[in-house]
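What follows is a short report on a single structure.
The values are calculated or read from the model by the stated rules, or taken from the named source; none is laboratory data. Keep in mind the model is a prediction, meaning the values are calculated, not measured. Quick reminder, even Gly has a Cβ in these numbers, built from the backbone with ideal geometry, and neighbours come from all protein chains shown. Accessible surface areas use protein heavy atoms only, side chains included; no ligands, DNA or RNA. Shrake-Rupley method; radii C 1.70, N 1.55, O 1.52, S 1.80 Å.
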Amino acid sequence: MTQIEKILTLESVDMLSLLGMNDNNIKPIEDRFNTSITVRGENVYIKGVPEEIDAVEKIFKEMIYVLNTTGNLRPSDVITIMELTLQGKEIISEKEYDTIVLYSKSDVVKAKTPTQIKYFQAVKKQDICFAIGPAGTGKTYLAVAFAVAALKKGLVNKIVLARPAVEAGESLGFLPGDFREKIDPYLRPLYDALDNMMPSDKLKSYIEKGVIEIVPLAYMRGRTLNNAFVILDEAQNSTSMQMKMFLTRLGPNSKAIITGDITQIDLPSKTVSGLVQIQDILKDVEGVGFVYFDKGDVVRHKLVKDIINAYEKFQAGGEKEF
């Protein structure tokens, strides 16, 4: 049978740990299959017959999954992975593997719902992506995961996370502390997401060095962000001018995700939401994607979906929001 060659590009992988000392982790694979495996940088070149190449590719993906989730990979682990794969008992299916966004410090962040998968694909394809929908659908958490993954892969040099400092039933003036202390509660959800995805000491170091910035939207004015992954969260509370200001901060090799829920606008009643307006302005612009979530995509506590349904029924009955 004709031999072919396939190239696997392995991103966000510690190649030394994957291959093992003196390539001990790939020797069991070479002993089992009539394939040649050559590694150059992050590329793995596999040469052999198509059926064996497909099996070896699956084994490598399983190895990456085990390494990134357990922090360790030994030749004995590779033999177990290989035997399970050949028996059709993969640890993670091909479909699941393709939905992995990030191997975090304690878990795997995956796109779980069909809309989240569409979101994942849109972020890969588009330089600017809008994620619009209700609370609990993973818009912000996945956006942060996309950004951390891009930073780990070396695709960007920094992450900038922004939120409008819009009051939602509370007044900033009555909160204790200086301005930074007053604004911190608005930015806390972004800190929490980051803290779930990387070791606390590394996160602290990145923030101190400016590799990761978490700032109020107003602090974005006048900047140009090159080689950056930029996220605007709670964008329904940005004005038209603020939205334009944010989008025009992007420099070369930068990506942006804008998230928000247009049913939860806290702006003054006569102020147009930049997120509502931008859907008409950019709907036909190439390189810009819109992904819409609904209550079926809620991935928080099961009661969140019921709460959203209850509010929809309440408001549909003609009652005013309070």
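Just one of the listed residues (ILE117, ILE7) is assigned to a strand (DSSP E or B) and of a type in the set (Val, Ile, Thr), and it is ILE7.
No other residue among SER269, SER240, SER254 is surrounded by fewer than 22 Cβ atoms within 10 Å (Cβ to Cβ) and free of Cβ contacts under 8 Å to residues at least 12 places away in the same chain apart from SER269.
Just to be sure before I move on: is GLY154 more than 23 Å from VAL298 (Cα to Cα), at pLDDT 85 or above and part of a loop (DSSP other than H, G, I, E, B) in the structure I sent? Even if it seems obvious, please write down each step before you answer.
Working: more than 23 Å from VAL298 (Cα to Cα): yes; at pLDDT 85 or above: yes; part of a loop (DSSP other than H, G, I, E, B): yes.
So GLY154 passes the test.
For region 1-26, filtered to residues that are of a type in the set (D, E, K, R) and free of Cβ contacts under 8 Å to residues at least 60 places away in the same chain, the residue that is most open to solvent (accessible area, probe 1.4 Å) is GLU5. Looking only at region 272-293, how many residues end up being under 19 Å from THR140 (Cα atoms), in a helix (DSSP H, G or I) and open to solvent by 60 Å² or more (accessible area, probe 1.4 Å)? Of the residues in that region, 1 qualify. The single condition from (1) modelled with pLDDT of 90 or more; (2) farther than 28 Å from LEU155 by Cα; (3) open to solvent by 20 Å² or more (accessible area, probe 1.4 Å) that GLU51 fails is (1). On the basis of being part of a helix (DSSP H, G or I) and modelled with pLDDT under 60, does ARG188 make the cut? The answer is no for ARG188.
Taken as a whole, region 200-218 holds at least one residue that is closer than 26 Å to VAL285 by Cβ, open to solvent by 60 Å² or more (accessible area, probe 1.4 Å) and assigned to a helix (DSSP H, G or I). Only one of (1) within 25 Å of THR9 (Cβ to Cβ); (2) in contact (Cβ under 8 Å) with a residue 60 or more places away in the chain; (3) not hydroxyl-bearing (Ser, Thr, Tyr) fails for ASN68. Which number is that? Against the list (1) within 25 Å of THR9 (Cβ to Cβ); (2) in contact (Cβ under 8 Å) with a residue 60 or more places away in the chain; (3) not hydroxyl-bearing (Ser, Thr, Tyr), ASN68 comes up short only on (2).
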